[in-house]
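**Student:** Structure below; questions to follow.
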Amino acid sequence: MAEVFLLGREKAFPSSLDAAVREGGHQLLRLQASAQLLTRLGEGGEDSLILVEAGGSQIDAVDVLRKAVSRQPQARVVLVSEEPSLAVAVEAMREGAWDVLQGPLDPGRLALLLGKPPAQRRAAKAEEDGRLPLITVDPRFLQVLGIADLAAAGKVSVLIQGESGTGKEMLARYIHQKSPRREKPFVAVNCAALPESLLESELFGHEKGAFTGAITRKLGRFELANGGTLLLDEVSEMDVHLQAKLLRVLQEQTVDRLGGQSPVPVDVRIVATTNRVLNPFIEEGRFREDLFYRLNVIPLHIPPLRERLSDIPPLIEHFVRKHNSRNNKTISKISKDVYEVLRGLPWKGNVRELENAIERAVVLAPGAELRVEHLLLDESPPAAATAARVGSPGQASLVGLTVEEVERRLILSTLENVSDNRTRAAEMLGISIRTLRNKLKEYETRTRE
């Protein structure tokens, strides 16, 4: 049985919802003030569904969300707005909202919210929505998918950051398949694979005779993606000179083919990816700051696999099914040791490395059971697990520092690594956002002194 809290006016939460909640055996509480909600959360358990009206009342919905998640981290908090804006929705998802819905809420939608636990519902949703499955039960990655769902409806640029092998291109395709442009082309270009001269022609096209070897007109990727989505993969590797031309295209929504006489209008949604932290690139003059702001309208960060170990079991099972089919195998059982060993590895290559390991094991398994010896790991599980726990040799430089100074360096380093996203930094550090703010204020005060 869940506790269902409705915080807002009857216009957002009609009286018809009451019967739907009670018929499901749940407890319903209608509240008018955020203080009432926060008091009740302090008294109750963790199986709560909290629906907060946003935008149409005197309630600061995002502030309520932030405080509710802080008091009851496992609660499902949903914002309901008559006209939900993308900006509020993105902020809400970053602060831990489970979903953002358009009101008024109807009994059918409420029944769906109560029907499945959050991780199960969102993981299934992620796998079923696109041809390429995004499988996750990790809360952080689910928040990323929630923001991606909201961003997909518009045309704004999206910048996806994450280590190699985390699934950046798959997330880009997911956004395209969720968007109104899904029936139009999805075109990808790897900015790191081609030198500047060839990449310029690939992106913008050229006319016949534009340069030696240009024997015919060639349409660029922008024109090929017209009406659809263009993925700029590893955009951080693009030459600065070409970045200026790209910025002009994004501003003008036109392209100039090499050797062309007039601009060609294009309607393209841009999704860019990078495995780099771009702030140092900007400071060093290797990436234009104005282009960064053009691309980074909706920032998405995919956590590395080592930080979402709960995803490893469902990914193992998915890859076994996938490679069973591809290799005419009939593996129906996975040894418990396989799960334990694979959860202990550092996964520098992330999901791509995990899939390679499973594909190899599926091919080499002679029977119906997948066992540890079929993995052919490069290093023994104990060594791998120890390496993951101990960390890098560079930690020896911490010897001689006070615990307070080590804490300060860790906090500042984490913030730099996540581009000053305080919510994400607090999650990684295992502290509340309020504690993080207090620490930063303390460091700032010391610096002034």
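Where a number appears in this text, it was derived from the coordinates with a stated rule and is not lab data. Because the structure is a prediction, the values reported are computed rather than measured. Here the Cβ is made from the backbone with ideal geometry for all residues, glycine too, and neighbour counts use every protein chain on show.
**Student:** With a 10 Å radius around each residue's Cβ, average the other Cβ atoms per peptide and rank 156-165, 333-342, 91-100, highest first.
**Tutor:** Going from most to least packed, we get 91-100, 156-165, 333-342.
**Student:** With θ taken as phi - 60° and the coefficients 6.51, -1.76 and 1.60, list the Karplus ³J(HN,Hα) couplings across segment 265-271 in order, rounded to whole Hz; mark glycine and proline as x.
**Tutor:** Karplus values, whole Hz, x for Gly and Pro: x, 9, 10, 9, 9, 9, 10.
**Student:** Set the Förster radius R0 to 51 Å, insert the Cβ-Cβ distance between residue 82 and residue 348 as r into 1/(1 + (r/R0)^6), and round the FRET efficiency to 0.05.
**Tutor:** Step by step, r from the Cβ atoms, then E = 0.60.
**Student:** If you don't mind, another one. In vacuo Debye scattering of the chain, one point per C-alpha: log10 I(q)/I(0) at q = 0.09, 0.10 Å⁻¹?
**Tutor:** -0.74, -0.91
**Student:** Through the Karplus equation 6.51 cos²θ - 1.76 cosθ + 1.60, θ set to phi - 60°, convert the phi angles of segment 69-80 into ³J(HN,Hα) values in whole Hz; use x for Gly and Pro.
**Tutor:** After applying 6.51 cos²θ - 1.76 cosθ + 1.60, I find 5, 5, 7, 9, x, 8, 5, 9, 10, 10, 8, 10 Hz.
**Student:** Find how many whole Å separate the alpha carbon centroid of segment 82-103 from the alpha carbon centroid of segment 144-179.
**Tutor:** Spelled out, the Cα-based centre of one part sits 17 Å from the other.
**Student:** Give me the extension gain from residue 74 to residue 18: residue separation times 0.36 nm, minus the current Cα-Cα distance, reported in nm with one decimal.
**Tutor:** 17.8 nm
**Student:** Let me ask something else. Straight-line reach from residue 208: which lysines have a Cα under 22 Å away, not including same-chain ones fewer than 8 places off?
**Tutor:** Answer for residue 208, where 22 Å is the Cα cut-off: 218, 245, listed by chain and number.
**Student:** Would you kindly state how much longer the chain becomes between residue 251 and residue 306 on full extension, computed as 0.36 nm times their sequence separation minus their alpha carbon distance, in nm to one decimal?
**Tutor:** 16.0 nm
**Student:** Give me the orientation-averaged projected area of the Cα convex hull of segment 276-352, in nm², one decimal.
**Tutor:** Average of the hull's projected areas for segment 276-352 equals 7.7 nm².
**Student:** Then there is this: Find the percent of Cα-Cα distances in segment 211-359 that exceed 28 Å, and round it to a whole number.
**Tutor:** Values: 5108 of 11026 pairs.
Here the tail beyond 28 Å accounts for 46 percent of pairs.
**Student:** How far apart, in nm, are the 7 Å Cα→Cβ label points at residue 258 and residue 63?
**Tutor:** 5.7
**Student:** Over the chain, what is the percentage of antiparallel beta bridges among all DSSP beta bridges, to the nearest 5?
**Tutor:** Here the share of antiparallel DSSP bridges comes out near 10 percent.
**Student:** I need the calculated FRET efficiency for the pair residue 431 and residue 333, taking r as the beta carbon distance and R₀ as 45 Å, to the nearest 0.05.
**Tutor:** 0.65
**Student:** Check residue 28: other-chain or 5+ apart residues with amide H under 5 Å from its amide H, H built from backbone geometry?
**Tutor:** Here the answer is 4, since their amide H atoms fall under 5 Å of that of residue 28.
**Student:** Also: Run the numbers for residue 359 and residue 421: contour at 0.36 nm per residue of separation, minus the present Cα-Cα distance, in nm. Write out the running numbers ahead of the final one.
**Tutor:** Values: separation 62, 0.36 × 62 = 22.32 nm, distance 3.60 nm.
Here the segment from residue 359 to residue 421 would lengthen by 18.7 nm.
**Student:** May I pose another question? Of the peptides 259-271, 290-302, how do they stack up when ordered by the mean number of other Cβ atoms within 10 Å, highest first? Before the final figure, lay out each step's value.
**Tutor:** On the way: 259-271: 16.7, 290-302: 18.6.
Final packing ranking: 290-302, 259-271.
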